[in-house]
Every structure is written in structure tokens, then in C-alpha cells.
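These notes concern the structure reproduced below.
The values are calculated or read from the model by the stated rules, or taken from the named source; none is laboratory data. None of these values were measured; they are calculated from a predicted model. Positions of Cβ are generated from backbone atoms using ideal geometry, with glycine treated the same way; all protein chains shown enter the neighbour counts.
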Amino acid sequence: MDEQDKLLDEAMGAVRGQAFQMKRCLDKGRLMDGLKHASNMLGELRTSLLSPKTYYELYMCICDELRHLEMYLIDEFQKGHRVADLYELVQYAGNIVPRLYLLITVGLVYIKTNETCKRDILKDLVEMCRGVQHPLRGLFLRNYLLQCSRNILPDMEDPPVGHNPEEFPAGSISDSVDFILMNFAEMNKLWVRMQHQGHSRDKEKRERERQELRILVGTNLVRLSQLEHVDVERYKKSVLPGILEQAVSCRDPLSQEYLMECIIQVFPDEFHLQTLSAFLKACAELHSEVNVKNIIISLIDRLANFAHREDGTGIPDEIKLFEIFSEQVSQVIKSRPDMPMEDTVSLQVSLVNLAQKCYPDEIEYVDKVMQNTLEVFQKLNIDKIHSGSALGKELSRLLRLPADNYNNLLTVLQLQYYTPLLNLLDYSGRKILSTYLVTNAVDNETCIPTQEQVDAVLSMIASLICDQSDQPLVDPDPEDLAEEQGLLARFLHLFKSTNSDQQYLILTTARKHLGAGGNKRVLYTLPPLVFQAYQLAFKYYAEREEDDKWGKKVHKIFQFSHQTITALVKAEYAELPLRLFLQGALAIDKIDFENHETVAYEFMSQAFSLYEDEISDSKAQLAAMTLIMGTFQQTTCFSEENHEPLRTQCALAASKLLKKPDQARGVTTCSHLFWSARSLATNKEELRDEKRVLECLKKAVRIANQCMDPSAQIQLFVELLNHYIYFYEKGNTQVTVAMLNQLISKVKEDLANLETTEDTDQISRHLTNTLTHLQLRLQEPPSDGPNYEGLQL
Amino acid sequence: MSFFGFGQSADIEIQLDGSDTRKMAEMKTEDGKKERYYLYYDGESVSGKVNVSLKKPGSRLEHQGIKIEFVGQIELYYDRGNHHEFTSLVKELARPGELTQNGSFEFEFNQVEKPYESYSGTNVRLRYFLRVTVVRRLSDIVREMDLLVHTLSSYPEMNNSIKMEVGIEDCLHIEFEYNKSKYHLKDVIVGKIYFLLVRIKIKHMEIAIIKRETTGSGPNTFNENETIAKYEIMDGAPVRGESIPIRVFLAGYDLTPTMRDINKKFSVRYYLNLVLVDEEERRYFKQQEITLWRKGERLRRPLQQQLLAQQHALQQLHLNNQQSKFPQSHPHGQPQEYVPQMPSTGAEPPSPQQSQSPMHEEAPEKVESNPSIQPQSRQPAASVTPPQPQPEAEPAEEEETTPKLPSPPTEPPNSIDSPEEEFLEAQAGSPSEDDDVGEEEEAVKPSSAVSQEPVPVAQ
């Protein structure tokens, strides 16, 4: 039990004792003695030793007891036993605190039993309470007054002008407003004064205690808001000015912050709408330590929600909500040069919020806010904002808002002042925000349909596109870069116009931006462009009936693609451009424009030279070779004149591979070129050169035989067996069952000699599968296929 | 009277005319008890019957005459032997002779002048009585009966408010106003205190009604101060700009009209003492004399009217009333750029330099010798204003509704909480026109010489 508990215990004991005596006297009808005990009991509230919290407990206990007295008096009064001069009698109490509590109690009994003196008693009570200037005691005393008068404050229209108010002793709404405003003002002064009490080292504790007590002050405002006859007019004319005057003049940040917040929360939104200017003007006059931003934001958020509410009437047209806020906010900013920049920006954030919620169609409003913000920065010569700072965070928040709200990057693009504002952020801030915008666009599949917009977007997100003067000197983490550029690449696919010419312009524009991205970025950003270009070429081809220049355009597109791929080559990539060339060749092959054979040949030959010049890793060589041959096998556009050298080149290249297994596989693959490749020479039919096929296969067997590693060798044989079977089934007469038998027996034999390892396991499974296939064919020969007579499994 | 064994041979009874309807009033007797007496006013006839009844029926009573006197006299307690009669009327009831049976004699003092009010104080009393004397050779048979006289006054023609600005240079500056200078005994003092400058930590403020009884003259003047009422009017420390209401009902206190130089023997004057107490228990005060007078029949007005009248009275006060202005200073703040704003008070703007009547404080004496001034954990309410219940001696006056709730303290003035903390008020610069109670106290306490000297601020 700490000191406070002990003190409270002691006081409570005294209170209970006196309360008991009081009730006993009242029961016996000895009012005067009862009052004396009540006065003694109330004397406990004179203490200076209790903390606000403890004092509150004591106060509550005493209030409970006072209710007995009140009930007794009301009862007596109603029975007609009016005690003459009771109002005067209680004022003989020598100490002011007990005296005023009694006076309030008795005064309220008078009012409750007889309306006619209501106004005068209320006036008297609120005035007499001035006698208690001790903050804590005064606050509670006035709170008691407020509590007691809760249900009896006059709430009826004022008498018509020209009437003597004395004729209306029960009072009217003006009296109630005056009463509460006065009580409020006095309580606020007491509350403010608390901070000057005691030692300065206890300041923090006092602030805390003041926070605990603020509700006492706020109750006045609640009471005002509960009066039915406080309508918009009255609120505008007397209530709000009264509160604001007190709030502004007290010059206490804690109080001002609380009161302004209280006003916003306590009174209805309809009132706020009608008094915006007055309220905001007052905000500009608040103490410099007051967080005005929070107050205004709170109001804006409330009104924004109000506008959004379904049951509400929305914002009346005559109230230019945004203009008023915009105007007043800039006043506030002007009047508070000490306000942190981040708070200024926070205000702008809430303005944007307001504009977006209340006026979803008015993009200019949002742009106006951006402009104002930009001007504020320019005025202060701020040209770089650290993104990690509070200001940077706020600015980022401001910039993210339109994206979040519209979920449409195109709308954001319409904000003229957006990009300049964005550019104030430092590199990492810009990059994060750009990523955010791009993600938003990708998530919402926002297509960018014109060249201009593409230009604007790419300028806006320049930090993702190309090197920045302020970027860090160290290279970014490759994985991060891959992720970031990967996202960008996804975004590039959204650069889409329905108009093909436009689409071409889009691509060239994008190419211009992306081309500046440097070697590391182009790896990610150029391929999408190339693919987009190929798609566009197909589109022109599909539309060839409507556009007689389509051929030239397609040619241009492939030129564009060629250049783009070449840019990748220049950036010292090989495998990627090789594949892009091959992809291009495939596309060109299918689009029948003038000269397309030449172009396709160029693409193929580019792929070849990349293979020859740039690819040195044997695995990569095999993979590239396989791709080249695959692509070549798919094309049909070449005349023999072009087909033959390419074919030969492939075979040559395959046999020149470094490792024997690679050679074997390359040559095996090459065999298909002599079988299923089509060209103009064959009238786009398959070549089916049985002899050359067999030569290739035999060469592969020969090479396989040279392999030293038995398991690799057997693997090759199994693969070769499959190719033999393939060609046999396709009807290559040069391939015979005897060849198959020979291969099968060799493989079986060798496999038996091998140790069982994981590799051999796989090989034997491959073989088993192959043999099962043959078994099936043997049992049920297909109607059109060759028969396997003589096959020995 | 029967120490010779003779015994009183007859009883004398005085029966006043209309005694069943005559009002009665209380008066303290010399030993402090309160007695009830029949009440008369100036110019009223005093008439009645004197009954002389013989103890033993059938015996005889020889006498040298029977007379009745109406006496008004002043008794100074330090001069017991000398009573100063300012009125003495005699009526002869019977010529010398013999009473053989009970006799009854009518008497009347027609429209008798009663110039002064009955009074019973510390050193003096003024009483009226009837005395019946059966003159005898050895020992007269005497019977006295006290009467009470109230002097009624009409409304004073001039009744200005009391308004004053007082202060201690650079520490405290207040302006106060009481709505009148003359109050009737059931009146209400309505007033206001306006704080112009507060740089001391005020704990509370109270108003005391002090009665000063002056007896004797010249070098043999005796002053007796008595605090009739002590009434807290403010709790806590105000800041600049606050105005605190004062409202003191006088009806509940034991007051008499102001008496000035009654028959050149004594005076009874009343002062309102405004006392500010700071956190170190230093007291700052300012006394103002008020005149009390007795009004005729007291008519109760309904509460609403009373309130109206009081509110009206408050509004009449000419003090600054800038409640809406937020006070800019706090009790121990820095000097403010103080701009006096006193619209209606007239020509003299109140600035510290022009203060009419500076208040002064004395440094506490002997603080170390009295460590018990430390704040106690819980002050019983009684320690400031002991609510001693009044003797329940007035059941007959129920309709007068004399408040019994907290009766005014009757302690002598030297028993205030910490007498050594008492502070004087100095009339800096100008010799005082009105004799201040404070000066007397200063004289009583020579040790105050160690205290800081009053600083003259106004020239």
C-alpha cells in the first residue's frame, strides 16, 4: 500500500463516518446537524496531498453521499417543507470548498423543485465557483456543478427579442450556453494552470496527470453538444466562438490540442461544415508546439468519411470544402514557419485524401495539392529529400496516395506536378516509389496506350530505367536488380495500344528509354520489347488486308528487333540474343513479307555467328546448337541456296563439338535436319534424305564407340537406339531391323558388365522402356507402320 | 439578602405592559451566557405594573416609599465602582407607609428617550434597566429588570462602495471593492477582488469581520479586538486577471451596530479584514472600516429576488471585469509587460507606482521556534473556522431562521493559527487618516522590529 492509498483510506474513513452521521441526522429530521456533517465530510476535499487519481476516488465517494442529502432535500421540498433561507444558510460555512459544494447541492434542489429561479441560481453558482482557484479542487468542484446541472439546463428557445429576460426566470438556451461556456472557460484556465504547480522536475508527471484530468474539461463541450437547441446557427454564432476564444487564448499546447480534437469529435459534422473557416483560422493561431497537423487531419478525415457515409446527405454543394481547406491549410503553413516540413506534407496528404474521397472526379484538386507542396519546397530551396527522414516518408505517403486511390497509373500521369515532386526524393526513395507505381500498374493491369504516356511513365520511373546521378556507387545486389527489373519487364508488356502504328511508336519510345539503361538492365528490359515487336509483326500480318504498307512496316519492325538484339550483343550477352534471333527467325518465317527469306537468313546467320564467336562453354554450345537446329528445322522459307549452307553448317558445327558425347548427340540431332526439314526446294515438304540420315546416325555410333566412359557410352547407345527406332517407324528404308538387333544386343551386353549405380539404373530403365515399346509394336503392329519382323529382344 | 436572618419580607415583580406580545432579544451577560430580554426602541414608553407581594400573608411591611427608576448606564469593567448613568428617570409608586397586603402599582415612563443601543462587550457594557426600590430603614428591597434597547436607523443617505487598490511592490497587487460602506445587520456584503499582479504563492484568502471595542480616552484608551467571523473566500492561487467574488451574509453573526464615542465612554467599530495567506503562511492583509446599522423590520424576499439583488450588486462594482481575457501570468511567473486596463475606474490608472495603499508583509518571526506550521496531513476543517455550535438557546425564534450551521468563531483575535505570521499593513508615505487596527497590533508586538521594513512605494 503506497502513500496515496494510505491517505485515501484515511480520508475515506472520515467521509464514511461523517456521511453516516449526516444520514442519521437527516433520518431524524435534524437538517442543520445533517448539513454540519455534510460540511465536515466535504472538508475532506480540501486536501492538497492527493494525486488527481486518488482525489477523484475521494470525490466520487463524496458525491455518492451527497446524493442522499439531495434526495432528502428534494423529498422535503416536495412535501412542502421548504426550509427557508437554506440557500443562504449553507453559505455560512467558513471554508469555501465545502460551502460551494453545499451551495451547488442546495441550489440544484431549489431548481428541481421550483423552476422559477433556475436561471438566477445557475448564474450565481457558476460565478461563485470562482472562489476556488486551486486547479485540482476547482476542476472537481466545477465538474460537480456540471454533473448536478446535467438534466436541468434550460433547453428551450430564447424569448423573442424585446422581451425582458426577467419574465422568463426558468431560462432559455442562451442561459445554458453562457453557463457552460463560462464553466468551461474557468475549468480550462484551472487545467492550464496545473502545469505551473510544483517543482519543474515533476513536469512529466504533471503532464500525465493533466492528461488524466482533461476529460473533466471536455465534459463541458459534451454537455454543449447535448443541448437540443444548440443548432448550426447558435453553434456558429456563440458556441464555437466561445470555445475557440478560450482555446486560442490559453496558449497551452496540451489544452489546445485536446480542445480542438474534442470539438471535432463532440459536435456533428454538419456543424463543422458550416464553421470550417472559423475553426481552421483558429488552428493557425494555436501555439507553435501544437500538432495542428493532427487536428486538421482529424477534421478532414471525419469530413471525408462523412461525405462517404451512405445515410448522410453528403457535402452540400455550396460548401467548397476543398477550397476552404486548401486555403486555410496554406494559411496555417504560412503562419507556422516552425512547423516541421513533414507535418506540412502530412497536411497535404490529408488534403489529397479529402479531395479523393469527396471529389473523386476532380483530379485537378489533387494536382493542386501537389503543386502547393512543390511550391512550399521550392520556396525553401529544398531540392533533395532523404527518403529515410520523416519528411521523406511523408512525401512518399503523399505520392503513394493517388496510386492507391485511383489504382490507375494513367490517372496519376495526369497530375502535372507529380513527377517533379517525386524527383525531390533521393535515389532510393524514387526507386521505391517507382517500384510501387509499377507494381500498382502490374497488379491492376493498367495498359499504357500511347507513345506520350509511355514517355511520361518512363520518365517518371526513371530511377528504375537508367543510372541516376545520385545513385550509390556500389553495384546493386544482382538478385535485387533481377527482381526489380523483372517487375519492370512485366510492366513493359502493358505498353499496349490497339492501334498498330501507335504500338510501333510506343516500342521505339520505350526502346529509347530502356536502351539507356546500361548493360545490367537491358538484359531484362529489352527482351520484352523484342517479343512485343514480334507480336506486333504478327498483328500487322493479321491485318495485312487493311494495310497495304504492312510489309514495309513489318520489315521495319524486324529491323528494330535486330537493332535491339544487337544492343544486347553489344552489352556482351550471347545466349540471350542468340535465342532472340532464333525466335525472330521463327517469326519472320511465318510472316510472308517481301524479302523475308533474306531477313530470316540474316537472323539465323546472326545466331550462328554468335554461336561461333561468343559461346565457348561446351554445354552451352550443345544447347545453342540444339536450338539452332531446332529452329532451322521449323523454318520453311529458305530456298535451297540458303538452306543448304545452313544445313551443312549445322552438321559441321555439330561434329566439331568438343566432347565426344556432345558430338554424338549433336550429330544425332543433325540427322533430323536431313529428314524433316522443309524448304522452298522441297516445296515446303520434308526433305527425307534417307541416306544422309543414316550417315549421321552411323557417324554418331562411331563417335559413341570412341567414348571412354562405359556408362556414358551405353547412355548414348540407348539414345541412338531410340533415334534408329524413330526413323525406322517413320519409314526410312535405310534403317533395318538388323541394325536395331545389333544395337540392342550390344547395349544389353555392355549393361550387364556395368556396376549397378544410380546412372546405370536410369540407363537400364530407359532401355527397358524402349524395349517395352518395341515389344508392343511387335505384338500389335500399327496398320500404317513398318513391321518389326525379325526383331530380337 | 437574607444574611441577617431577616429574610426578604416581600417579593417584587415587574410586569410590563404587552409583555406577551413584546419581542425579546438576546444579550450576553457579563459571564458570557446569553439571556433574553424584552426589547424596546428609542422613544417608546415603558409602562407596566409593579407587584409587591408579602412573603407571609398577614404580615406587615413598613416602608419609606416605593419608587421605580428607569436607568441607562455604562459600566466600564476596569472601573467597577463608577457607573455612568446617562439616563435616570424616577417615578414614585407609593408614599412612605405600610403595606398590609399585596400591592400593585402602575407606572409609565412616557416616550422615554433611549439614545444608545444596549451593548455587552469585553470591557464595557451599556444597559438599561428598571429598578424598583421599596425604601426601608435597614435594607431596601430592590428589584431590577434589564431591558434591551435597539436603536434603529434609517437608510444612510450616503452609502458609497469601498474601493481600493493595494499591494506590495512587485509582489502583489489587488483591487477590491465592497458594494457599500454601511451595512445593516442582516445585510449581505457583496464584493469582488481583482488580481492585478500575483507573484507570491497564495494559498488562500479570507475575509474577517473584526470588532474593535475602544474604551477610555487619552492615554487610558483600551482597544479590544475580536474576530467575529472568519470566512474563506478563495482557495488556491489566482493568477493575474482573476476576479474573485465576495459574499458574506451578516445575519448569522453576532454583530451590533457601529457605536461611535458613546457618551464619550466607548466606541464599537467594525472592520473588514481581507487576508491573503501564502504558502509560507505569511499573511497579508488590509482592513477597512465598515459601518453597521440596525434596520427596522426585516423582510425576507424570495430567493430569486435576493439573487437578483446580489447579482445586481456585483455588476455595480466598478472593478475590472475581464473574465474573458485569459490571465497571462502564473503565480510565480516572470514580470509581465503589464498594461493596465481599467476602463471605468476613472482618472487614475492603477499602476504599481500609484497604488494608494500598499500592503506590506512582515517576515515571519520565530519560524524556527514553531516547526508545527508544517502542513498537517489533513487539516480538520475546524482549525480554520471552528464551527462551534451556537448555544441552543433560541428555540422561540425559529421563524427568524438564525443560521446555526457554522457559527462564527468567538475566539479572541490572538488565537489565529499562527500569530507570529501576522503581517501589518503600512501606510507608506502618507500618514494614516484613519487609525488602523494593524498599527495597534504592531505596537503590541515589538519584536516585529526584526522584520523587513515597509517599503514606501507611493509618493
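I'd like the full set of residues that are farther than 20 Å from residue A:44 by Cβ and aliphatic (A, V, I, L, M), limited to the stretch A:67-98.
Correct list: A:71, A:73, A:74, A:83, A:84, A:86, A:89.
Determine whether the stretch A:396-405 contains at least one residue that is over 12 Å from the mean Cα position of the chain (by Cα) and in contact (Cβ under 8 Å) with a residue 24 or more places away in the chain.
No; the residues of the stretch A:396-405 include none that is over 12 Å from the mean Cα position of the chain (by Cα) and in contact (Cβ under 8 Å) with a residue 24 or more places away in the chain.
Taking the condition of being surrounded by fewer than 17 Cβ atoms within 10 Å (Cβ to Cβ) and in contact with a strand residue (DSSP E or B) (Cβ under 8 Å, 6 or more places away or on another chain), how many residues in the stretch B:111-121 meet it?
Within the stretch B:111-121, residues that are surrounded by fewer than 17 Cβ atoms within 10 Å (Cβ to Cβ) and in contact with a strand residue (DSSP E or B) (Cβ under 8 Å, 6 or more places away or on another chain) number 2.
Any idea which of A:171, A:198 is more than 8 Å from every other protein chain (Cβ to nearest Cβ), buried (at least 22 other Cβ atoms within 10 Å of the Cβ) and in a loop (DSSP other than H, G, I, E, B)?
A:171
Which residue out of A:96, A:111 is over 59 Å from the mean Cα position of the chain (by Cα), at negative phi and within 13 Å of chain B (Cβ to nearest Cβ)?
Step by step, each of A:96, A:111 is checked, and only A:96 is over 59 Å from the mean Cα position of the chain (by Cα), at negative phi and within 13 Å of chain B (Cβ to nearest Cβ).
Kindly list, by first and then second residue, each pair from a residue in the stretch A:41-69 that is closer than 22 Å to residue A:108 by Cβ and within 11 Å of another protein chain (Cβ to nearest Cβ) to a residue that is part of a helix (DSSP H, G or I) and among the hydroxyl-bearing types (Ser, Thr, Tyr), limited to pairs with Cβ atoms under 8 Å and residues at least 6 apart or on different chains.
That search, which allows pairs on different chains as well, returns A:42/A:101; A:45/A:55; A:45/A:59; A:45/A:101.
Filter the stretch A:693-711 down to residues that are surrounded by fewer than 19 Cβ atoms within 10 Å (Cβ to Cβ) and either modelled with pLDDT under 90 or outside any helix (DSSP H, G or I) (or both), then give me how many there are.
Count: 5.
Just name the residue that is nearest to the chain's Cα centre (by Cα) out of those in the stretch B:237-270 that are within 14 Å of another protein chain (Cβ to nearest Cβ) and aliphatic (A, V, I, L, M).
Ranking the candidates gives B:255 first.
Quick one: how many residues across the stretch A:377-390 are of a type in the set (Val, Ile, Thr) and either over 13 Å from residue A:340 (Cβ atoms) or surrounded by 18 or more Cβ atoms within 10 Å (Cβ to Cβ) (or both)?
Summing the residues that are of a type in the set (Val, Ile, Thr) and either over 13 Å from residue A:340 (Cβ atoms) or surrounded by 18 or more Cβ atoms within 10 Å (Cβ to Cβ) (or both) in the stretch A:377-390 gives 1.
May I ask you to say which residue of A:44, A:70 is farther than 30 Å from residue A:209 by Cα and within 60 Å of the chain's Cα centre (by Cα)?
Unique residue meeting the criteria: A:70.
Condition check ((1) under 18 Å from residue B:275 (Cβ atoms); (2) within 14 Å of chain A (Cβ to nearest Cβ); (3) β-branched (Val, Ile, Thr); (4) surrounded by 22 or more Cβ atoms within 10 Å (Cβ to Cβ)) across all residues:
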site	(1), (2), (3), (4)
B:164	yes, no, no, no
B:191	yes, yes, no, yes
B:203	yes, yes, no, no
B:206	yes, yes, no, yes
B:209	yes, yes, yes, yes
B:212	yes, no, no, no
B:220	no, no, no, no
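Being acidic (Asp, Glu), modelled with pLDDT of 90 or more and closer than 14 Å to residue B:52 by Cα is the filter here, so list the residues in the stretch B:93-141 that pass it.
Result: B:106, single match.
Considering each of A:639, A:618 in turn, give the residue that is touching a Ser or Thr at 6+ places or on another chain (Cβ under 9 Å), in contact (Cβ under 8 Å) with a residue 40 or more places away in the chain and of a type in the set (Ser, Thr, Tyr).
The conditions single out A:639.
Based on what the data block shows, is residue B:198 buried (at least 22 other Cβ atoms within 10 Å of the Cβ), among the hydrophobic types (A, V, I, L, M, F, W, C) and within 11 Å of another protein chain (Cβ to nearest Cβ)?
Considered against the rule, which asks whether it is buried (at least 22 other Cβ atoms within 10 Å of the Cβ), among the hydrophobic types (A, V, I, L, M, F, W, C) and within 11 Å of another protein chain (Cβ to nearest Cβ), residue B:198 comes out as yes.
Read through the list (1) touching a residue at least 60 places away in the same chain (Cβ under 8 Å); (2) within 14 Å of chain A (Cβ to nearest Cβ), then give the number of the only condition that residue B:234 fails.
(1)
Here is a list: B:279, B:226. Which entry is farther than 30 Å from residue B:76 by Cβ, acidic (Asp, Glu), touching a Lys or Arg at 6+ places or on another chain (Cβ under 6 Å) and more than 9 Å from chain A (Cβ to nearest Cβ)?
B:279
Counting only residues that are buried (at least 16 other Cβ atoms within 10 Å of the Cβ) and of a type in the set (Ser, Thr, Tyr), how many does the stretch A:606-616 have?
Result for the stretch A:606-616: 1.
Given the residues A:603, A:560, which is the only one that is crowded, with 23+ Cβ neighbours inside 10 Å and not aliphatic (A, V, I, L, M)?
One residue alone meets the criteria, A:603.
Quick one: would you say residue A:420 is without any contact (Cβ under 8 Å) to a residue 60 or more places away in the chain, surrounded by fewer than 20 Cβ atoms within 10 Å (Cβ to Cβ), of a type outside the set (Asp, Glu) and out of contact with any Lys or Arg (no Cβ under 8 Å at 6 or more places or on another chain)?
yes
Do any helices (runs of 4 or more DSSP H) entirely within the stretch A:93-156 hold 3 or more residues that are aliphatic (A, V, I, L, M) and over 20 Å from residue B:302 (Cα atoms), and if so, which?
Hits in the stretch A:93-156: A:96-113, A:135-148.
Can you list the strands (runs of 3 or more DSSP E) lying wholly within the stretch B:1-81 that have 1 or more residues being under 32 Å from the mean Cα position of the chain (by Cα)?
In the stretch B:1-81, B:10-16, B:24-28, B:34-41, B:46-54, B:66-76 are the strands (runs of 3 or more DSSP E) which contain 1 or more residues that are under 32 Å from the mean Cα position of the chain (by Cα).
I'd like to verify a number: residues in the stretch A:436-469 that are under 16 Å from the mean Cα position of the chain (by Cα) and closer than 24 Å to residue A:341 by Cβ, how many?
Number satisfying all stated conditions: 2.
Restricting attention to the stretch A:3-40, report how many residues are small (Gly, Ala, Ser), facing chain B (nearest Cβ under 10 Å) and surrounded by fewer than 21 Cβ atoms within 10 Å (Cβ to Cβ).
Residues flagged as small (Gly, Ala, Ser), facing chain B (nearest Cβ under 10 Å) and surrounded by fewer than 21 Cβ atoms within 10 Å (Cβ to Cβ) within the stretch A:3-40 amount to 1.
Restricting attention to the stretch A:83-92, does a residue exist that is in contact (Cβ under 8 Å) with a residue 12 or more places away in the chain and among the acidic types (Asp, Glu)?
no
Quickly run through the stretch B:55-78 and pick out the residues that are surrounded by fewer than 16 Cβ atoms within 10 Å (Cβ to Cβ) and either at negative phi or hydrophobic (A, V, I, L, M, F, W, C) (or both).
Listed by number, the residues that qualify are B:55, B:56, B:57, B:59, B:60, B:62, B:64, B:77, B:78.
When you look at residue B:273, is it more than 13 Å from chain A (Cβ to nearest Cβ) and in contact (Cβ under 8 Å) with a residue 24 or more places away in the chain, yes or no?
yes
Which members of the stretch A:238-270 meet the condition of being touching a Lys or Arg at 6+ places or on another chain (Cβ under 7 Å) and over 14 Å from residue A:184 (Cβ atoms)?
A:254, A:264, A:269
Could you say whether any residue in the stretch A:635-657 is more than 28 Å from residue A:712 (Cα to Cα), aliphatic (A, V, I, L, M) and in contact with a Leu (Cβ under 7 Å, 6 or more places away or on another chain)?
no
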